[in-house]
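J.: Mind having a look at this structure? Questions to follow.
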Amino acid sequence: MPNISRVRRFTLRNFAGPGFASFLNANFEHGNSDLITYQMVVGTGLVNEAVVTGWLFFRYLVIGAYVGLATVAGFIWWFVYSDNGPKLPYGELMNFDTCSSRETTYPCSIFDDRHPSTVSMTVLVVVEMFNALNNLSENQSLL
């Protein structure tokens with residue numbers, strides 16, 4: 001039977017972070033409940049410390065840009081290139097909002113189809129899954 005304390009430390013270290021794990025281990029094992037309550041309410045960081053640094057903001061901006069572009073590309077792909085889609089010219093897709101007020105060779109009801117949204121959501125989920133697998137720490141990755 002495994003040592004429960006080792007299992008708890010492993011779980012905290014790998015899922016809550018090493019700082020939180022050492023904080024909990026040190027304070028729970030010594031019964032320091034006042035310090036635990038104070039640090040959970042006030043926090044352990046500095047008051048003037050930025051929550052999001054410049055580098056972290058840049059990372060979020062880049063990740064958001066490529067995830068957004070991939071999602072929109074999946075949506076466009078279904079309308080323009082998919083064998084199951086209507087194979088519209090790109091210009092027609094960009095002018096979808098004027099479909100009802102002009103002559104078209106396709107019915108305007110194709111824009112009510114849920115397939116492109118499904119493709120976009122699938123692309124979003126797959127990209128985010130790869131992003132989660134690649135995320136080892138704040139500044140390191142598998143690649």
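J.: May I ask you to compute the full-extension gain from Met121 to Val51, defined as 0.36 nm times their residue separation minus their alpha-carbon distance, rounded to one decimal in nm?
T.: 22.2 nm is the gain from fully extending Met121 to Val51.
J.: Turning to a different aspect of this structure: Tell me, what is the FRET efficiency for Ser101 and Trp77 to the nearest 0.05, using R0 = 22 angstrom and their Cβ-Cβ distance as r?
T.: Details: r = 26 Å, r/R0 = 1.20.
Working from the Cβ atoms, E equals 0.25.
Computed from the coordinates by the stated procedures, all read-outs in this text should not be read as laboratory data. Because the structure is predicted, anything quoted here is derived from the model rather than measured. Glycine also receives a Cβ, built like all others from the backbone with ideal geometry; neighbour counts cover every protein chain displayed.
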